[in-house]
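Working notes for the structure below.
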Amino acid sequence: MTATSPPRRPCRAYAHPPLSQHIDLEGHPVPGRRARAAVHQMTHCLGVGVSADSGGRDTSDTAALVATELVTNAWRHAGGAQEMRLIWDGRTLTVEVDDSGSAWPAVLAPDRRGAQGGYGLPLVDSLAEAWGTYCRPGGKTVWARCAFAARA
């Protein structure tokens, strides 16, 4: 079996590209894949995922990896991701992931990482411009902001 990308919706259908998007992840069999696809779709429609950042990484792939890590952490440590929001402000894409957990995420020290994990938040910390957590009724939201180069 080979992995295939979900079909991309044509962006010409938008009079204006979406500036925010809500993605329901509750009960989805592969929420990480759904998160990646949503980030790639939005950045494609906005026309911002094609230029590489200063580190030589594709900014759309970087944002998709950050989203995947946040969703995976919610799945592994907080009983699952409920919803993901993507918010575009013209320069950054903020990824917000809601879960029902009460435990605050923490970046583990290198000596505490291992075969069972501990690498996700250090990766988010190194790729995102900023990240954090806030409480909300029934759980928390973990967010990360990914910077994109200005369009030429």
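Look at the range 19-40: where a residue is more than 20 Å from THR59 (Cα to Cα) and a partner is hydrophobic (A, V, I, L, M, F, W, C) and open to solvent by 30 Å² or more (accessible area, probe 1.4 Å), sitting 6+ places away or on another chain with Cβ atoms under 7 Å, you get PRO31/TRP75. Would you check if ASP98 is open to solvent by less than 20 Å² (accessible area, probe 1.4 Å) and at pLDDT 90 or above? The answer is yes for ASP98. The test for being modelled with pLDDT of 55 or more and touching a helix residue (DSSP H, G or I) at 6+ places or on another chain (Cβ under 6 Å) does not hold for GLY56.
This table checks each residue for (1) of a type in the set (Gly, Ala, Ser); (2) surrounded by fewer than 21 Cβ atoms within 10 Å (Cβ to Cβ); (3) modelled with pLDDT of 85 or more; (4) in a loop (DSSP other than H, G, I, E, B).
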{"site": "ARG12", "(1), (2), (3), (4)": "no, yes, no, no"}
{"site": "PRO18", "(1), (2), (3), (4)": "no, yes, no, yes"}
{"site": "GLU26", "(1), (2), (3), (4)": "no, yes, yes, yes"}
{"site": "GLY32", "(1), (2), (3), (4)": "yes, yes, yes, no"}
{"site": "GLY49", "(1), (2), (3), (4)": "yes, no, no, yes"}
{"site": "ASP61", "(1), (2), (3), (4)": "no, yes, yes, no"}
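Scanning the range 71-84 for residues that are open to solvent by less than 30 Å² (accessible area, probe 1.4 Å) and closer than 14 Å to ALA144 by Cβ returns VAL71, ALA74, ALA81, MET84. Here ALA115 fits the description: open to solvent by 70 Å² or more (accessible area, probe 1.4 Å) and at pLDDT below 80. Candidates are the residues of the range 121-144 that are over 24 Å from ARG91 (Cβ atoms) and not small (Gly, Ala, Ser); the one that is surrounded by the most Cβ atoms within 10 Å (Cβ to Cβ) is LYS140.
The values are calculated or read from the model by the stated rules, or taken from the named source; none is laboratory data. Predicted, not measured: the structure shown is a model, and the values here were computed from it. Positions of Cβ are generated from backbone atoms using ideal geometry, with glycine treated the same way; all protein chains shown enter the neighbour counts. Accessible surface areas use protein heavy atoms only, side chains included; no ligands, DNA or RNA. Shrake-Rupley method; radii C 1.70, N 1.55, O 1.52, S 1.80 Å.
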